1. Touching a strand residue (DSSP E or B) at 6+ places or on another chain (Cβ under 7 Å) and aromatic (Phe, Trp, Tyr): which single residue out of PHE55, PHE20 fits that description?
2. Looking at SER48, SER60 in this structure, which one is among the hydroxyl-bearing types (Ser, Thr, Tyr) and within 16 Å of the chain's Cα centre (by Cα)?
3. Considering each residue of region 1-50, count those that are closer than 18 Å to THR61 by Cβ, surrounded by 10 or more Cβ atoms within 10 Å (Cβ to Cβ) and of a type in the set (Lys, Arg), and give that number.
4. Quickly run through region 36-60 and pick out the residues that are within 19 Å of ASN13 (Cα to Cα) and not in a strand (DSSP E or B).
Amino acid sequence: MALTLSSNNFEVNIHPVALFNIVHAYERRSEKFDTILGTLLGTRTADSIEVVDSFVVPHSTHSD
């Protein structure tokens, strides 16, 4: 069962695995970081988006 959000005839479906991956990545992040970087995989049509998977993109920021 996917999480479904809709507004003004536009619908967003997020599959459970994708949602779990997002929450899991956020909870596992280092305490020194406020954000994480990731990618959502899915399809888009004129009136909907379906997210079927997600994953973290490893990155580091450098201050010059």
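1. Result: PHE55 is the single residue among PHE55, PHE20 that is touching a strand residue (DSSP E or B) at 6+ places or on another chain (Cβ under 7 Å) and aromatic (Phe, Trp, Tyr).
2. Just a single option satisfies the conditions, and that option is SER48.
3. 1
4. The answer is THR45, ALA46, ASP47.
Every read-out reported here was derived from the displayed coordinates using simple, explicitly stated rules and does not represent laboratory data. None of these values were measured; they are calculated from a predicted model. Here Cβ is always computed from backbone atoms with ideal geometry, including for glycine, and neighbour counts include all displayed protein chains.
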